[in-house]
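Before any comments, here is the structure.
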Amino acid sequence: MKNQGSILIIDDSHETLTILAELLNKEGFTVFAADSSELALVWLEKRIPDLILLDIMMSGIDGFELCRQIKLKDNLSQIPIIFLTGAIEVSRRVEGLTLGAVDYILKPFEKEELLARVRTHLEIHKLRNALKESKEFYQKILDNINNGVWVSNKEDVIIYANQGMGKIVGISPCKIENVNVLTGFPERALQYLSPVYLNAKQTLIPKPYSEICVVTPSGQNSFQSGWLIPLIKDDQYDGMICTVEDVTQRVLIEKRLQETQRLESIGRLAGGVAHDFNNMLMVIIGYSEISLDSLNTSDPLYENLTEIMNAAKRSADLTRQLLAFARKQSIVPKVLDINETVEEMLKMLVKLIGENINLNWKPSSDSLWHVKVDPSQIDQILANLCVNARDAIDGVGNVLIATGNVTCDNVYCSNHVYAIEGDYVLLTVSDDGGGIEKEILANIFEPFFTTKEFGQGTGLGLATVYGIVKQNNGFINVHSELGKGTTFKIYLPRHMENVPQIEKQDRKESCHGHETILLVEDELAILKMGKIMLESLGYKVLTANLPIQAINIAKDHAGEIDLLITDVVMPEMGGSELSNNIRLIRPAIRCMFMSGYTADVIARDGLLDEGTHFIQKPFSRNALAVKVRNALISS
């Protein structure tokens, strides 16, 4: 026979104990007996029965007192207790039920009645245990999900909140309970939540809400999305279930993505403008240089042309900054120790910021990791940030440059959406100037954005820094407080390969020559000027305005062609493809590229392949002479 459950009988009458034990054993129950309350308490320390049959009138501790003691113990309090008694007053019955008993069986008892009552209360106890286990099971699920859940009654008062809800808002769930949904939430949250809540309540249709901003007790903004689901009873509103998802990280990532896309759009525009402007500057600088060569320094036009040349060079510097922001400047990265690069710049930086500002240099105390960056870009970063720091300081102040090794782990990256896990060399530039207003921090990397007075800045300094850092797969972090100063933290990826040993060469070559050069450029003014420059250096020059013309010249020219100089972006065919086609005709020909920017045509993200000869427009005749000579003597 299947075990019907375990029962502890407590009675100081051995006759009663024997009769009950025999009866219950025959019905499949497991029976234990105790003839005193004291013995029962000792037994209960070791076992827990499913039900207790307890006599009231016993010597020593009576049934009422034993019931009270049992109910005070957490592990025993849920055991159903049925009192066994003779005739008893109603008031005494009530007393027993108040102590926690579930029923009475009067002596002498009827077998069927006793069994019916025992079975009923065992079934109720079993159902209660199952309900408790089910509640604990679902409570465990609710408390272990990341999302928050709260439930309100039909009076709009929250009657339940899970642990996830507490984590999202930063307070204990019990403090959320008893809060009125329509009056107890922060005003900013109510502004968005109340209309959706009332709509779901009136229509009895689940409603979504999105990106409600709540300020947590720690002062952080928490963005929340979820659903409001009405509870319906007898076709009437009976409360609300609200699910809450913390979407703060997603909102921040989307915001950063939008900011990045906006800067990318500005960068593309800036790069295109700089490219076209460089072509015009190329003509101005080239013809100014050629004209100056033909004039005596005493000629009145000489000084005018010199001013034109200087203005064009300053304009070329501006376009280089635009290209740096757009990440379209060509660079030649080298494996370097940033500490050495900074130390070489210190004297220049001291002069740059002035004597009234103290420049503090704090190199890493540990062995600094190497990075692979164009050294000139580190110079640009330091110069631009130090000039910004100087302008932010009114009178006497301090600028700090520091370096260090840092590892960005998953925790750091989860709090800084622009960061990527890995090892970085950290370059920090901070000042104790006036600081930057929080409202404009998001705009400081835009080209031409400046807070300086008219005529005191181009607004390209920080845009240049931003472009350089991004071009080198790093990221930049800015912290600023009004009246306290600003700190820029630049993270550049650690370079893991061995540092190459570079042999210094002390070889001087003549910058003039007699070789034959094929010059290809779709801008006629630049083509004409380039020919004049090269011929003045002694070279024989063949010119082509289109790539197809260059290919025909390579086929038809009877003599040697030693060097191809081609623009990168041209109609019909790019410079890289043109060089490949001409090398099929003349395998020994050397190539050099020129452009206002390289984009991705001959360079990936602006990084020139080793051995690629390139000259950035606009260039001077002297710069062209050196580049051409290097290309011709290279193996």
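Over the residues of the chain, the helix contribution to mean residue ellipticity at 222 nm works out to -14000 deg cm²/dmol, using -39500 (n - 2.57) for each DSSP H run of at least 4. Were the residues from V569 through Q202 laid out at 0.36 nm apart, the gain over their Cα-Cα distance would be 125.7 nm.
Taking square-rooted eigenvalues a ≥ b ≥ c of the alpha carbon gyration tensor, is the range 326-401 rounded, prolate or oblate, where a/c under 1.5 means rounded and, failing that, a/b exceeding b/c means prolate? Oblate shape, in that a/c is at least 1.5 and b/c is the bigger or equal ratio. The local environment of P230, defined by Cβ-Cβ distances under 11 Å, has a net charge of +3 under the rule Lys, Arg +1 and Asp, Glu -1. Short-range pairs are left out: with C-alpha atoms under 8 Å and at least six residues apart, the relative contact order of the chain is 8 percent. The C-alpha atoms of the chain define a longest principal axis, and helix 300-325 lies at about 20 degrees to it.
Peptides 61-73, 18-30 ranked from most to least packed, by the mean per-residue count of other Cβ atoms within 10 Å: 61-73, 18-30. Using the 1.4 Å probe convention, the accessible area of the chain works out to 54 Å² per residue with neighbouring protein chains retained.
Go ahead and collect, in residue order, the members of the range 1-22 whose backbone nitrogen is under 19 Å from a label point 7 Å along the Cα-Cβ direction of L115. Zone members listed by number: 1-9, 17-22. Looking at this model, which pairs from K255/K470; K362/K470; K71/K132; K555/K617; K71/K107 are more than 21 angstrom apart at the alpha-carbon? Over 21 Å apart, Cα to Cα: K362/K470; K555/K617; K71/K107.
Ranked by solvent-accessible area (1.4 Å probe, protein heavy atoms only, all chains present), the residues L519, L127, L295 order from largest to smallest as L127, L295, L519.
At a 1.4 Å probe radius, carbon and sulfur cover how many percent of the accessible area of the chain?
Answer for the chain is 52 percent, counting heavy atoms of protein chains only.
Projected onto planes of every orientation and averaged, the convex hull of the alpha-carbon atoms in the range 80-178 covers 9.4 nm². Taking amide H as placed 1.01 Å from N in the peptide plane, D374 has its amide H under 5 Å from the amide H of K334, each at least 5 places away in sequence or on another chain.
Translational diffusion of the chain, estimated by Stokes-Einstein from the Kirkwood radius over alpha carbon pairs at 37 °C in a medium of 0.692 mPa s, is 99 µm² per second.
What's the local net charge at N180, with K and R +1, D and E -1, over the other residues with C-beta under 9 Å away? Around N180, the surrounding residues sum to -2.
Between I420 and Q4, the FRET efficiency from the beta-carbon distance, with R0 = 56 Å, is close to 0.30. Classify the range 1-48 as rounded, prolate or oblate, taking a ≥ b ≥ c as the square roots of the eigenvalues of its Cα gyration tensor: rounded when a/c is under 1.5, otherwise prolate if a/b is larger than b/c and oblate if not. Cα axes put the range 1-48 in the oblate bin. A straight line joining the Cα centroids of the range 92-171 and the range 373-409 runs 65 Å.
Computed 3J(HN,Hα) for the range 473-479, one whole-Hz value per residue from the Karplus formula 6.51 cos²θ - 1.76 cosθ + 1.60 where θ = phi - 60°, is 6, x, 8, 10, 10, 10, 10, glycine and proline marked x. Residue-wise HN-Hα couplings along the range 138-154, as the Karplus relation 6.51 cos²θ - 1.76 cosθ + 1.60 with θ = phi - 60° gives them from phi, are 6, 5, 5, 4, 4, 7, 10, 8, 6, 6, x, 9, 9, 10, 10, 8, 6 Hz; Gly and Pro carry x.
The values are calculated or read from the model by the stated rules, or taken from the named source; none is laboratory data. Source: prediction; values computed, not measured. Because the Cβ atoms are built from the backbone with ideal geometry, glycine has one as well, and the counts that use them run over all protein chains shown. We work out accessible area using only protein heavy atoms, side chains counted, and drop any ligands, DNA or RNA first. Shrake-Rupley method; radii C 1.70, N 1.55, O 1.52, S 1.80 Å.
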